[in-house]
Amino acid sequence: MTPQDLRAIRDELGITQYALGERVGVRSQTVWRWEHGRSRIPGPAAKLIEMLVQDARRPGARGRRAAPAA
């Protein structure tokens, strides 16, 4: 997943860097570093993000936004 991919995903989900960080278990500063190519997105975080996208795209999902973290 590229920094551009991550930004596009976050835009699609309609969430802030802070909200994405909460869902993935990192700080918003980490999401900023990923989006700006300052650090690589680890495999487990990328997988969680992909799961958020799949959940948001499934039929019956509320709008285009991912469900809140449990």
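Being open to solvent by 40 Å² or more (accessible area, probe 1.4 Å), small (G, A, S), within 19 Å of A61 (Cα to Cα) and part of a helix (DSSP H, G or I) is a property that A8 has. If you check V26, V53 for being of a type in the set (A, V, I, L, M) and under 9 Å from the mean Cα position of the chain (by Cα), only one passes: V53.
When A56, A61 are checked against the criterion of being more than 18 Å from P3 (Cβ to Cβ), in contact with a Lys or Arg (Cβ under 7 Å, 6 or more places away or on another chain) and either surrounded by fewer than 18 Cβ atoms within 10 Å (Cβ to Cβ) or modelled with pLDDT under 95 (or both), a single residue qualifies: A56. Under 7 Å between Cβ atoms, at least 6 apart or on separate chains: pull out the pairs that start in region 12-41 with a residue that is open to solvent by 90 Å² or more (accessible area, probe 1.4 Å) and end on any residue that is part of a helix (DSSP H, G or I). Within 7 Å, the pairs are Y18/S28; R27/G21; W32/Q17; H36/P3.
The values are calculated or read from the model by the stated rules, or taken from the named source; none is laboratory data. Not measured: the values here are computed from a predicted model. We place every Cβ from the backbone using ideal geometry, glycine too, and count neighbours over all the protein chains shown. Each accessible area value is taken on the protein alone, full model and side chains, heavy atoms only, with ligands, DNA and RNA left out. Shrake-Rupley method; radii C 1.70, N 1.55, O 1.52, S 1.80 Å.
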